[in-house]
Amino acid sequence: MSTLAHVFEAEGLATVSLISVRGVAEKMSPPRALYCDFPLGRPLGEPQDAQFQHDVLRTAFVTLDEPAGPVLVDYPVVIEIDDATPLSCAVPPRYDMSLHPAVDEITALRGAYNRTLSRNGVTSVGRSCDADGLPDVMAKLVEIIAGADWKEVGLPGNPVGLAHDLRTYYEEAALALNDEPPAPGAAESWFYDVTQGGRTLLEARRAMRDGGAPFPVWFYMARATRQ
């Protein structure tokens, strides 16, 4: 975005950038930038808090009044990620005992995922696989844990994209199981720390690492702090 800001300014368009990583703005020097120390993915801060979001935008637009740039302003409110508190969200009970628990779980969550999709009209699932194919992806991760070569099990896309789709599917399903928007990091913690799907993904990631998968392939399947 900082690069695009320079391109637009060169064409005579005034720009204001909302920055989530301060170091990027310091290196790229966009003409006007507001650094918001919020969790990634929440550039305006608190979800469903119009007053807070409007204040963020007002603060950003004030930078247009500066006589010269580059301008880098820090928004005064910091929103922390609380990794220690998973979302309070019930996991559906077992339905098909013949399936691996993680495969049964992801199948049982489809109704909740569909409700969120119906309400929002859009989903972030689909980088490498759609929702219909994710139970099979989970089953292939189980095969990898059992010793199968990740390159031979028939994954329908690259592992990093599939990991994104799995986590997103769970987090979007969780939105239909809660009355309030989750706190920053709460849905991610719920996925990894509580659900069978999250634990299976991390275990498959470790199996791929130990089995000699290239560093970028297994590493970016989860946040670096997740082991």
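The values are calculated or read from the model by the stated rules, or taken from the named source; none is laboratory data. Worth saying up front: this structure is predicted, and the values here are computed from it rather than measured. Heads up, the Cβs are rebuilt from the backbone with ideal geometry, glycines too, and the neighbour counts pull from every protein chain shown.
Points worth noting:
- Residues that are over 30 Å from A50 (Cα atoms), surrounded by 20 or more Cβ atoms within 10 Å (Cβ to Cβ), out of contact with any Lys or Arg (no Cβ under 8 Å at 6 or more places or on another chain) and of a type outside the set (V, I, T), drawn from region 169-204: G197, A204
- Hits in region 21-43 (condition: modelled with pLDDT under 90 and assigned to a loop (DSSP other than H, G, I, E, B)): V21, F38, P39, L40, G41, R42, P43
- The residue list V137, V153, V142, V160 contains one member that is touching a His at 6+ places or on another chain (Cβ under 7 Å) and either surrounded by fewer than 18 Cβ atoms within 10 Å (Cβ to Cβ) or farther than 26 Å from P39 by Cβ (or both), which is V142.
The rows are residues; the columns are (1) closer than 22 Å to L40 by Cα; (2) among the polar types (S, T, N, Q); (3) assigned to a loop (DSSP other than H, G, I, E, B).
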| residue | (1), (2), (3) |
| --- | --- |
| R115 | no, no, no |
| V122 | yes, no, yes |
| V137 | no, no, no |
| D165 | yes, no, no |
| P182 | yes, no, yes |
| S189 | yes, yes, no |
| L201 | yes, no, no |
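- Under the condition of being of a type in the set (D, E, K, R), touching a residue at least 60 places away in the same chain (Cβ under 8 Å) and closer than 14 Å to E105 by Cα, the residues counted in region 166-200 number 1.
- Check on F191, of a type in the set (F, W, Y) and over 26 Å from M97 (Cβ atoms): no
- Only listed residue being touching a helix residue (DSSP H, G or I) at 6+ places or on another chain (Cβ under 7 Å), farther than 14 Å from A204 by Cβ and not hydrophobic (A, V, I, L, M, F, W, C), chosen from R127, R119, R167: R127
- Identity of the residue in region 82-109, buried (at least 20 other Cβ atoms within 10 Å of the Cβ) and part of a loop (DSSP other than H, G, I, E, B), that ends up modelled with the highest pLDDT: L109
- Any chance E46 is under 18 Å from P182 (Cα atoms) and in contact with a helix residue (DSSP H, G or I) (Cβ under 8 Å, 6 or more places away or on another chain): yes
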